[in-house]
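Please read the structure below before turning to the comments.
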Amino acid sequence: MQEQEEQMIRLILIDDHQLFREGVKRILDMEKNFEVVAEGDDGDEVVSLVEENDPDVVLMDVNMPGTNGVEATRDLIEKYPDVKVLILSIHDDESYVTHVLKTGAAGYLLKEMDADALIEAVKVVGRGGAYIHPKVTHNLIKEYRRLAYGDADVEAQAAEIGYKEVEYRKPLHILTRRECEVLQLMTDGYSNRMIGESLYISEKTVKNHVSNILQKMNVNDRTQAVVESIKKGWVKVR
């Protein structure tokens, strides 16, 4: 794990708002293993910038003049399937997110993210994983359950067809009680900072708990951990 984290990640940043782009670049430049090799303000530039700079990850705004981020991502993935695209957006609607992810993007990050979420997202996507903003993950899961069981009460539906989802089982055979609490809050869409505030622990401690959860569950990222824990009935979707 440590070896993967130390690998240099080459980045291209595409966003038409210069102030936002400069703020993101400043955060990325603080990480010794990140290198922003090019910037652009239009989706039309993406393919040529990738050809010239050979990045690992492209951070792409969705709403841009000319070719928008969705179209640019689709075109880019067709020509360079190994390039990982991390979408930056203000939209958290699950149908919109699903539409964007179908283009082949490896991650979806809301622009309301804090610096730690941005850094974590780049690291996860750069290592070949998938990253979806915790708030978006929560919305997607709720929509999935609605589609699976209909608009009626999920627990009532589950009981009717014989599922045991109403009997949530804490995974204490592999996780500590504190890790179970953290896992539930991850499912609720909390960021690391919000989890820390809720449990009265430091953000660094939260990061350690999340890392332990991923390792014990043998998954690559938070999204996989949440999805797997829901399938196993370890958490509630509230």
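The values are calculated or read from the model by the stated rules, or taken from the named source; none is laboratory data. All of these numbers come straight from a predicted model, not from anything done at the bench. Please note: Cβ atoms are built from the backbone with ideal geometry, for glycine as well, and neighbour counts cover all protein chains shown. Note: areas computed on protein heavy atoms with side chains; ligands, DNA, RNA excluded. Shrake-Rupley method; radii C 1.70, N 1.55, O 1.52, S 1.80 Å.
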Considering only C-alpha atoms, what is the centroid distance from segment 13-51 to segment 104-119, in Å?
14 Å
So, how do all the Cα-to-Cα distances of segment 9-141 break down into 5 Å bins, in percent, from 0 on up?
2, 11, 24, 27, 22, 11, 3, 0
Note to self: Kirkwood Rh of segment 177-232, Cα pairs, one decimal, Å, is 11.0 Å
When ligands, DNA and RNA are left out and all protein chains stay put, how many square angstrom of accessible area per residue does segment 9-141 have with a 1.4 Å probe?
43 Å²
May I ask you to list the trypsin sites (Lys or Arg not before Pro) in segment 6-92 that are in a DSSP loop and have at most 14 other Cβ atoms within 10 Å of their Cβ?
LYS32
Could you work out what % of the accessible surface of segment 177-232 is carbon and sulfur, using a 1.4 angstrom probe and leaving DNA, RNA and ligands out of the count?
45 percent
